[in-house]
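The values are calculated or read from the model by the stated rules, or taken from the named source; none is laboratory data. Because the structure is predicted, anything quoted here is derived from the model rather than measured. Cβ: placed from backbone, ideal geometry, glycine included. Neighbour counts: every protein chain shown.
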Amino acid sequence: MINVVDVVDPAEIKDPFALGLLLPVPGTEKNTILTEARDGEHIQRLTAVAVEFRTGAQVAFRDRKIKIDVLITDARITLACSKYDKGGGWIGGASFMVVANSVSKARAKLRSRGKMLVGQVRYPWIQRVGSSPRTGWASEEKLVLDTKAGQGGQMRLTLTLPKSLDSASVASEIARRAAAYRLASEELAPDTRSRLGQVPNSEPTESDGVRFFTFPEPRWVTEESARLMPRAGATKTVALSEKSEPITRRCPECGALNRLPGDPARMVRCGRCQREFAS
């Protein structure tokens, strides 16, 4: 889910958990959100340069040439952008507006300190996560997340990543974390648990130029599914992600892949040519 919401003083928020079920709660600093306990300590940060949100076949929101801060946590993928295109905005999307109605009501009485574009995909919602790697100088690295709303509604969030970032590595990391989170959070039939556990190690299947990891029996985007969390005594959700391949960036000089640092302000030094470039 994605929307433009008010930035409010954290002191005014009585229940941040409930307020952030469908949309993340924006922080008071630029391009930030308030994290929650479920996010864990193993948070990976990266930047996206464009976003598109579709409900069914209809484009509901699109913005390009912006800086979107993206977090990959143990519980969800979040995005935040303070300098979005205020002249753009929502084009339509009835199924989204039905889901977002409760979000608007929950935030209506909070005093605004500006607005921020925020969004999130919680792991139980993921139907498919895929990547579309660039094939030439004119193409782009894209991350695609498919979810479903009630009554058969489909929603797709597409993030365009910097050309130096490997979208396949990002999709693979999300697949690992999402499978781990669901296995620790949901009561599933043995066959479903088996299929879910195999997702991170499966070979992505291609559809319309996107290579997807597909999840069995995803949950609809609702407040109820947003409340799912690891059961007491369940295996830590970070277990799979700690063993996964790191997200990598491609050196603009020699093309070598280099590990992305956790802090987006740090520079990356290429292991092959030793050139430094911004992460």
Taking S172 as the residue in question, decide whether it is in a loop (DSSP other than H, G, I, E, B), among the polar types (S, T, N, Q) and either closer than 25 Å to C251 by Cβ or not assigned by TED's automatic domain parsing to the domain that holds A18 (or both). no
Return the residues of region 27-58 that are over 16 Å from the mean Cα position of the chain (by Cα), surrounded by 15 or more Cβ atoms within 10 Å (Cβ to Cβ) and assigned to a strand (DSSP E or B); say none if nothing qualifies. T55
Tabulated pairs, region 161-173, first under 19 Å from C270 (Cβ atoms), second assigned to a helix (DSSP H, G or I) and of a type outside the set (A, V, I, L, M), C-beta under 7 angstrom, 6+ apart or interchain: L161/S167
I'd like the full set of residues that are in a helix (DSSP H, G or I) and either not hydrophobic (A, V, I, L, M, F, W, C) or not assigned by TED's automatic domain parsing to the domain that holds I174 (or both), limited to region 201-232. N201, E223, E224, S225
Tell me which strands (runs of 3 or more DSSP E) are completely within region 67-155 and hold 2 or more residues being modelled with pLDDT under 90 and of a type outside the set (G, A, S), or say none if there are none. 115-122
Subset of region 180-200 [more than 23 Å from H42 (Cα to Cα) and either part of a loop (DSSP other than H, G, I, E, B) or in contact (Cβ under 8 Å) with a residue 60 or more places away in the chain (or both)]: E187, L188, A189
